[in-house]
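Below is one structure; the comments refer to it alone.
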Amino acid sequence: MPEIRPAIGVLISGRGSNLQALIDAIDQGKLPAAIAVVIANRPGAGGLERARAAGIETLVIEHRAFPNRDAFDQVLANELLARRVSLVCLAGFMRLIGTPLLEAFPNRILNIHPSLLPAFPGVDAQRQALEHGVKFAGATVHLVTAELDGGPIVQQATVPVRDDDTVETLSARILIEEHRIYPEAVRIMLDGGWNVTGRRFRRRS
Ligand code: GRF
């Protein structure tokens, strides 16, 4: 009997290096899942080429074509539901997620953010960290809620901040950790046996 792997959908806006980390983890047998579709809201998103190279279906759904966020989100939800995905992974997807998508996938949407949340949500997280002068930065995978970068935390990793760091060098150090923890977090989600109490995401011990 062919093995049935849970389907995931990945939403991107840009270069897609975290998408690539998921593709690689699946290829290397570290993540028992199948990416059913990659959806970009920008036709020029570099990650689309990565998906095509891996033989994954791609869709471009431009948010600008819709009168409001809910209309855009409803189409995203319909496409993901049609492919029976168990989990939606935001990987550099630069749009807030609205009610239609949140309701279609309750506690089933993950995001990766390049800071130790709740510090430095929003754009330019690595620059915010440098300018604040923190000595440790990092990456966070969290469940997506209506609050920007505010949902329960699934996985985090820290990196040191060096005195000679620039936004570029710190971002590169964080990105290595992003690529490590995102596939791990997806695996944890798909394995099940977790629950969310208040803000706390916990695995059954
Ligand atoms: C990553 O730093 C991710 O944490 C943030 O956006 C960036 C996307 O990079 N949300 P990529 O498109 O995955 O290379």
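The values are calculated or read from the model by the stated rules, or taken from the named source; none is laboratory data. All values reported here derive from a predicted model rather than from experimental measurement. Cβ: placed from backbone, ideal geometry, glycine included. Neighbour counts: every protein chain shown. Just so you know, the surface numbers come from the protein's heavy atoms only, side chains and all, with ligands and any DNA or RNA stripped out. Shrake-Rupley method; radii C 1.70, N 1.55, O 1.52, S 1.80 Å.
For the pair GLU103 and ARG187, a Förster radius of 22 Å applied to the C-beta separation gives a FRET efficiency near 0.30, rounded to the nearest 0.05.
Taking a ≥ b ≥ c as the square roots of the eigenvalues of the Cα gyration tensor of segment 33-96, is the shape rounded (a/c under 1.5), prolate (a/b larger than b/c) or oblate? Oblate. With all protein chains in place and a 1.4 Å probe, the accessible surface of the chain carries 51 percent carbon and sulfur. Taking the average, over residues, of other Cβ atoms within 10 Å as the packing measure, peptides 157-170, 94-107 rank 94-107, 157-170 from highest down.
For segment 45-53, the Karplus equation 6.51 cos²θ - 1.76 cosθ + 1.60, evaluated at θ = phi - 60°, returns couplings of 4, x, x, 4, 5, 4, 5, 4, 4 Hz by residue, with Gly and Pro reported as x. Under a 5 Å amide H cut-off, with hydrogens placed 1.01 Å from N, VAL154 pairs with VAL141, HIS142, LEU143 among residues at least 5 apart or on other chains.
About its Cα centre, segment 1-143 has a charge dipole of approximately 140 debye under the convention of +1 per Lys or Arg Cβ and -1 per Asp or Glu Cβ, with nothing else charged.
For a quick check of your reading of the filter: which GluC sites (Glu not before Pro) in segment 1-88 sit in a DSSP loop and have no more than 10 other Cβ atoms within 10 Å?
Those that pass, being in a loop and sparsely packed, are GLU3.
Helix content alone sets the calculated 222 nm mean residue ellipticity of the chain: runs of n ≥ 4 DSSP H residues at -39500 (n - 2.57) each, divided across all residues, give -10500 deg cm²/dmol. Summing charges over neighbours of ARG83, with a neighbour being any other residue whose Cβ is under 15 Å away from its Cβ, gives +1 when K and R count +1 and D and E count -1. Take the Cα of VAL134, step 7 Å toward its Cβ, do the same at ASN78, and the gap between the two points is 4.0 nm.
Taking amide hydrogens as placed 1.01 Å from N in the peptide plane, the amide H of SER13 sits under 5 Å from those of PHE93, MET94, each at least 5 positions away in sequence or on another chain. Backbone geometry of segment 56-71 corresponds, through the Karplus equation with coefficients 6.51, -1.76 and 1.60 at θ = phi - 60°, to 3J(HN,Hα) couplings of 9, 4, 10, 10, 10, 10, 7, 4, 5, 7, 10, x, 7, 5, 4, 5 Hz, x marking Gly and Pro. For GLY46, the shell of other residues with beta-carbons less than 15 Å away shows a net charge of +3, using +1 for Lys and Arg and -1 for Asp and Glu.
Annotation: per residue accessible area for segment 87-205 equals 50 Å², rounded to a whole number [probe 1.4 Å, protein chains only].
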